[in-house]
Amino acid sequence: MWKSKELPEMLRAIAEFREYGFLDRIPRWEERLRVNELELKRFAEIPHVDEQPMSTAALPQRPEGKPLAGGGSAGWATPETALAIAARVQRREISVSDVAEAYIERAEAVTEMNLFTAFDADLMRREARALDERAAKGEALGPLAGVPVPVKDYMFVRGYPRTGGTRAMAPSTGHDDAAAVANLRAAGALFAGMTNLHELAYGATGINPHFGAVANPGHPGRIIGGSSSGSAGAVAAGLAPVAVGSDTSGSIRIPSAFCGVTGFKPTYDSISRDGVMPLAWSLDHLGPIAGNVRDAALLFAVMAGRAPESCVPDANLKPGRLRFGKPTNHFYDEVDTAILDRIERLIAALAGAGHAIVPTKLSAVENCLPIHVQTVTAEASQAYWQPLVENPHLLGEDVRVRLEVGQFLASVDYVKAQRLRTVQRQALQAAFDDIDVLITPTVATAAPEIGAASVIIDGVERPLHPALTRFTTPFNQSGLPAITLPCGVNAAGLPIGVQLAGPYGSDERLLEIAAEVERVIAEMPA
């Protein structure tokens with residue numbers, strides 16, 4: 001590891017070599033690297049492995065998806081579920097224009113929450129009328145008929161600019177839909193604005209210097225989490241039953257947990273990333289945020305180009321005895337006591353419902369943060385090197401310095417990290433030989449206060465970003481599917497999230513298990 005006296009001179013030499021001329025920022029670079037000093041030291045200590053790097057290693061086999069019975073709707077407060085809205089539109093009980101007007105009224109009442117980077121009420125009305133005209137002609141609108149769907153401002157949506165939440169690049173305009181968005185449009189979705197995000201999707205707080213900090217509904221003094229901040233907020237605030245997000249280090253699951261909604265990161269590349277901005281291309285996933293599991297499953301199915309009936313769990317079907325793997329290492333270490341207590345109560349309730357709880361040792365998972373620092377820093381810096389060089393003053397300080405330090409990490413360490421990712425994925429995948437699903441906290445702490453640079457967990461102060469992503473990153477690194485569900489609140493009323501993860505390609509099965517866990521949570525005492 002670098003010695004304190006040597007570090008500034010090393011940073012100067014590398015920046016000069018790369019002709020990155022902002023040498024007055026050396027103290028900021030040094031400070032940022034110190035934030036991840038523990039992870040960088042740990043990474044240097046990890047022995048070399050001979051596995052193929054993650055980018056070339058063979059993927060596990062996807063299991064055959066078994067059809068699940070669909071139909072019906074699960075209960076949720078406001079607004080109606082996506083399944084219920086679509087069913088009412090299809091029965092002509094309500095028009096898409098009715099849905100649009102209700103949504104617009106709600107959206108215009110919460111502008112101070114900074115949920116959107118762009119929202120065009122007139123465009124929404126025109127698209128609603130077009131759908132109503134199709135329905136009047138007898139056309140089937142599709143499984144998302146008239147369902148309002150806000151989309152993270154990180155992907156192409158026809159009629160909207162794509163900014164990525166930054167001013168350092170000119171907004172993209174005149175484009176057609178991203179592939180996943182095109183699938184939503186073909187299914188009858190009603191596009192409902194571009195949601196705000198942590199700039200360039202590179203952060204976990206949702207504090208955007210250009211479009212405003214996204215408010216945490218019900219908890220204005222707390223961060224909402226990121227980077228899919230506006231999407232989670234739109235669902236939690238009751239604007240829409242579903243929204244689209246992306247997840248590189250936990251960017252769907254963290255804000256969902258902090259807002260008390262459901263967020264699903266499916267298997268890597270289950271949903272096409274065509275038309276989506278990159279952050280770290282080997283870690284980026286698209287996925288749904290929703291008020292319940294069945295709505296999340298519906299949105300996932302459509303985005304992935306699958307038949308909804310293959311993904312949406314039957315509301316009345318109870319699975320047989322499930323085997324829940326409770327990790328004996330990493331995932332239950334250094335966790336807020338209230339979160340541990342609530343998840344232990346859930347685990348007891350699952351056991352009481354006839355399911356097995358299996359203590360599960362996970363090898364290699366303790367390396368997740370050291371691996372992640374090397375991977376996301378290198379890939380993000382490469383993805384946005386051009387705007388960093390051309391318009392650094394237009395980037396928010398937190399994102400700028402994280403992009404800048406990517407130039408100081410060695411390529412040999414990047415390749416080592418990809419080899420270690422292969423080992424980690426193999427270890428996680430092997431765990432499912434004996435269990436159906438892993439159950440863990442989603443985040444080790446409840447939503448921190450706005451402006452916090454660190455959190456206190458179990459009496460120990462820890463840097464904010466590593467503390468928030470410790471339990472989510474292993475599933476980005478491995479590509480395995482993971483979902484967070486709301487699991488009650490702490491004494492201050494702050495939401496708690498529980499995370500479930502399954503083997504590679506088990507998206508449909510994981511959603512079915514999540515629906516069972518959701519049912520058990522609903523029956524637990526508050």
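The values are calculated or read from the model by the stated rules, or taken from the named source; none is laboratory data. Computed from a predicted structure; not experimentally measured. Note that each Cβ is placed from the backbone with ideal geometry, even for glycine, and that neighbours are counted across all protein chains shown.
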Task: Criterion: surrounded by 24 or more Cβ atoms within 10 Å (Cβ to Cβ) and of a type in the set (K, R) - qualifying residue of R185, R253, R222 - done: R253
- [ ] Could you pull out the residue among L40, L11 that is over 28 Å from the mean Cα position of the chain (by Cα) and at pLDDT 90 or above?
- [x] L11
Task: Yes/no for S272 being touching a helix residue (DSSP H, G or I) at 6+ places or on another chain (Cβ under 9 Å), outside any loop (DSSP other than H, G, I, E, B) and polar (S, T, N, Q) - done: no
TODO: Can you confirm whether the stretch 291-304 contains a residue that is among the polar types (S, T, N, Q) and over 22 Å from D153 (Cα atoms)?
DONE: yes
- [ ] Pairs only if they're at least six apart or on different chains, beta carbon under 9 angstrom, first in the stretch 123-143 and without any contact (Cβ under 8 Å) to a residue 24 or more places away in the chain, second of a type in the set (A, V, I, L, M, F, W, C) and surrounded by fewer than 16 Cβ atoms within 10 Å (Cβ to Cβ); list them, first residue then second.
- [x] R134/A140
Task: Total residues in the stretch 195-220, condition among the aliphatic types (A, V, I, L, M), touching a strand residue (DSSP E or B) at 6+ places or on another chain (Cβ under 6 Å) and over 14 Å from T163 (Cβ atoms) - done: 2
- [ ] Look through the stretch 332-344, keep the residues that are at pLDDT 95 or above and more than 13 Å from G497 (Cα to Cα), and return whichever of them is surrounded by the most Cβ atoms within 10 Å (Cβ to Cβ).
- [x] Y332
Task: Qualifying positions in the stretch 479-522 - over 24 Å from L283 (Cβ atoms) and either among the basic types (K, R) or part of a loop (DSSP other than H, G, I, E, B) (or both) - done: N490, A491, A492, G493, L494, R519
Task: Number of positions in the stretch 348-368 that are among the aliphatic types (A, V, I, L, M), part of a helix (DSSP H, G or I) and surrounded by fewer than 16 Cβ atoms within 10 Å (Cβ to Cβ) - done: 2
TODO: Scan the stretch 305-347 for residues that are farther than 13 Å from T440 by Cα, of a type outside the set (V, I, T) and not in a loop (DSSP other than H, G, I, E, B) and report the count.
DONE: 5
TODO: Check F17, F22 and return the single one that is of a type in the set (A, V, I, L, M, F, W, C), modelled with pLDDT of 90 or more and exposed (fewer than 12 other Cβ atoms within 10 Å of the Cβ).
DONE: F17
- [ ] Using the structure shown, decide if T267 is out of contact with any strand residue (DSSP E or B) (no Cβ under 7 Å at 6 or more places or on another chain) and closer than 20 Å to T442 by Cβ.
- [x] yes
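Let's see how each residue does on (1) touching a Cys at 6+ places or on another chain (Cβ under 8 Å); (2) in a strand (DSSP E or B); (3) at positive phi:
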site: R425; (1), (2), (3): no, no, no
site: T445; (1), (2), (3): no, no, no
site: A452; (1), (2), (3): no, no, no
site: R462; (1), (2), (3): no, yes, no
site: L468; (1), (2), (3): no, no, no
site: Q477; (1), (2), (3): yes, no, no
Open item on the list: Anything in the stretch 34-62 that is assigned to a loop (DSSP other than H, G, I, E, B) and among the hydrophobic types (A, V, I, L, M, F, W, C)? List them, or say none.
Closed with: I46, V49, M54, A57, A58, L59
Open item on the list: Step by step: first the residues of the stretch 422-471, then only those that are among the hydroxyl-bearing types (S, T, Y) and touching an Asp or Glu at 6+ places or on another chain (Cβ under 8 Å), then the one that is surrounded by the most Cβ atoms within 10 Å (Cβ to Cβ). Which residue is that?
Closed with: T445
- [ ] For S227, indicate whether it is in contact with a Gly (Cβ under 8 Å, 6 or more places away or on another chain), assigned to a loop (DSSP other than H, G, I, E, B), in contact (Cβ under 8 Å) with a residue 24 or more places away in the chain and among the small types (G, A, S).
- [x] yes
